[in-house]
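The values are calculated or read from the model by the stated rules, or taken from the named source; none is laboratory data. In this text the structure is predicted, and so the values were computed from the model without any measurement. Don't worry about glycine lacking a Cβ; one is built from the backbone with ideal geometry, like all the others, and counts go over all protein chains shown. What goes into the accessible areas is simple: the full protein's heavy atoms, side chains included, and nothing from ligands, DNA or RNA. Shrake-Rupley method; radii C 1.70, N 1.55, O 1.52, S 1.80 Å.
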Amino acid sequence: MKEIFLEEVDSTNLYGKSNLDSLDDRTVIHALSQTSGRGRFTRAWKNLGAGNLFLSFVLKPSNDFRSVYSNLTQYLSVVLCNILESYGITPQIKWPNDVLVNNKKIAGILSETVMQGQLFRGLVLGIGVNLNATFDLLGEIDKPATALNLEIGRNVDVFEFKNYLVSEFFAEYDKFLETGFEYIKSKYISRADFLDKEICVQIFDKKSKGIARSITDNGELVLDSKGKNVVLTIGDIL
Ligand code: BTN
């Protein structure tokens, strides 16, 4: 494992993608600040300042794309939940990979696959965790958000948290790639409080309403929409 530390960068994901060729497999890019943080579906990820985590894993596990790579965001969400629980809080996962505390978002995960034509070059798996923020700053985010310091009543050392996350991520990474989503399925479902509830899922500009019935062995969401089960691989629960 190699690590790159940057005081400031546009986005750790962008840095990973632009330098993918020269970076080794399992390189961790950690920045104290992002000027142009990116979220899912081309949204922005707010820079909450140096006490918060902005990190990307550069992963080059093989020369061909395997479907299990799409589940790495879910793997990372489970790793993060384990860590947050060790701080005494109870996180929930909102499919596919948002991590919330008391219905407020505490972290976001964005995986980007790098292809060259048909060739798979690798992926950049980014995570932002709100570790030390003020209510004022969080109020500038368009959705309800929280931060670990506000949940536990004390500040969190960003480097300590980063080391904890990176070591927990790699502890079971190989095993996860070998086994697939089923390896984490029960741990994922135990935090998935959207199940059996009426939800609305946005897939690009289309919205689907229904009851979240289950999660498949591949990490997809089964939505019961007017009595018909629809299997979703991508989307955003609103
Ligand atoms: C989301 O919830 O929409 C995903 C947010 C992902 C944010 C992280 S912060 C580190 C990495 N660099 C980025 O530009 N984005 C990810």
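General remarks:
- Across segment 139-238, the volume of the C-alpha convex hull divided among the residues equals 150 Å³ per residue.
- Heavy-atom accessible area order for 42, 179, 73, largest first, 1.4 Å probe: 42, 179, 73
- Hull volume in cubic angstrom per residue (convex hull over the Cα atoms of segment 101-177): 145 Å³
- Estimated 222 nm signal from helices in the chain, with DSSP H stretches of n ≥ 4 weighted -39500 (n - 2.57), rounded to 500: -6500 deg cm²/dmol
- Share of carbon and sulfur in the accessible heavy-atom surface of segment 198-237 [1.4 Å probe, %]: 50 percent
- Computed from the C-beta positions of residue 18 and residue 216 and an R0 of 41 Å, the FRET efficiency is 0.75 to the nearest 0.05.
- Accessible area of residue 196 in the full protein assembly, 1.4 Å probe (Å², nearest 10): 110 Å²
- For the peptides 43-55, 18-30, the ranking by mean Cβ contacts within 10 Å, running from highest to lowest, is 43-55, 18-30.
- Using the Cβ-Cβ distance between residue 62 and residue 205 with R0 set to 22 Å, the FRET efficiency works out to roughly 0.05.
- Figure legend: label point modelled 7 angstrom from the Cα of residue 3 along Cα→Cβ; residues of segment 12-29 with amide N under 20 Å from it are 12-17, 23-29.
- Cα-based Rg and Dmax for segment 198-237, where Dmax is the largest Cα-Cα distance (Å): 9.2, 27
- In this simple spin-label model, placing a label point 7 Å from the Cα along the Cα-to-Cβ direction at both residue 143 and residue 196 gives a separation of 2.4 nm.
- For segment 1-106: rounded, prolate or oblate by the Cα gyration tensor [a/c cutoff 1.5]: oblate
- Extended-chain gain in nm, criterion 0.36 nm per residue less alpha-carbon gap, residue 87 and residue 229: 47.4 nm
- Computed over protein heavy atoms with a 1.4 Å probe, the accessible surface of segment 198-237 works out to 59 Å² per residue.
- Solvent-accessible surface of segment 1-63, averaged per residue with a 1.4 angstrom probe and all protein chains in place: 46 square angstrom.
- Carbon and sulfur %, accessible surface of segment 41-174 computed with the full protein complex present, 1.4 Å: 48 percent
- The trypsin sites (Lys or Arg not before Pro) found in segment 160-238 that occupy coil by DSSP, while having at most 16 further C-beta atoms within 10 Å, are 197, 226.
- Multiplying the residue separation of residue 238 and residue 50 by 0.36 nm and subtracting their alpha-carbon distance yields 64.8 nm.
- Normalised by 2.2 N^0.38 Å, where N is the number of residues, the alpha-carbon radius of gyration of the chain equals 0.98.
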